[in-house]
Amino acid sequence: MIAHGESCHRFATTMKPGFGLRTVLASLLLGLAISFGAHAIDPLPFKDRAEEVRFQQLTRQLRCLVCQNQDLADSDAPLAGDLRRQVFDMMHAGKSDAEIKDYLVARYNDFVLYDPPLKPGTWLLWFTPLALVLIGAFVVARIVRTRARQAIGMQAGVSIHTQSKDDDW
């Protein structure tokens, strides 16, 4: 039978020094390299610089439907990649920017536009922030006015109370 200390010593002497650390570091580096490739945006074959600029401007005007706070040009979501490819294909088919936007709005509604038009269907989108600010200002003004009245009432009560004490003596 082998004693506990002896088996640990035999294992430690058969293992090469630094082998475990090297394996872990190599695995981490490999994982890091793979993750960089996974997040890369596929390059598109533009005809010239003008087409690339048009594509970039157009995708900056469109919202990523997954991220919702990023434009289509900056999003890493798979749907955004599909939509970028669709926009690119429509550009190659000779569609104008307005036609591309109209197609996407018909398919995904005005939400796909970063700057949706002002119409009855988007009033809630445009005026909700203003309404919330006005409601907040009304609530704050009401609280301040109530506290001011309470402070004035407290001061009046204190002054009446001190006058009655002065009259007693």
Per DSSP, the loop-located trypsin sites (Lys or Arg not before Pro) within region 93-125 having at most 15 other beta carbons within 10 Å are Lys95
Among region 57-94, those whose backbone N falls under 14 Å of a label point 7 Å along Cα→Cβ from Phe111 are 63-70
Interchain or sequence-distant (5+) residues whose placed amide H lies within less than 5 Å of the amide H of Leu113 are Arg63
Equivalent ellipsoid, region 49-117 (semi-axes from 5 times Cα gyration tensor eigenvalues, Å): 17, 14, 11
Length gained if Leu28 through Gln70 is fully extended, taking 0.36 nm per residue and subtracting the Cα-Cα distance, is 12.1 nm
Region 137-156-region 51-89 distance, computed between alpha-carbon centres (Å): 51 Å
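All of the numbers you see were taken from the coordinates with simple rules; none came from a lab. In this text, all values refer to a predicted model and were calculated from it rather than measured experimentally. Quick reminder, even Gly has a Cβ in these numbers, built from the backbone with ideal geometry, and neighbours come from all protein chains shown.
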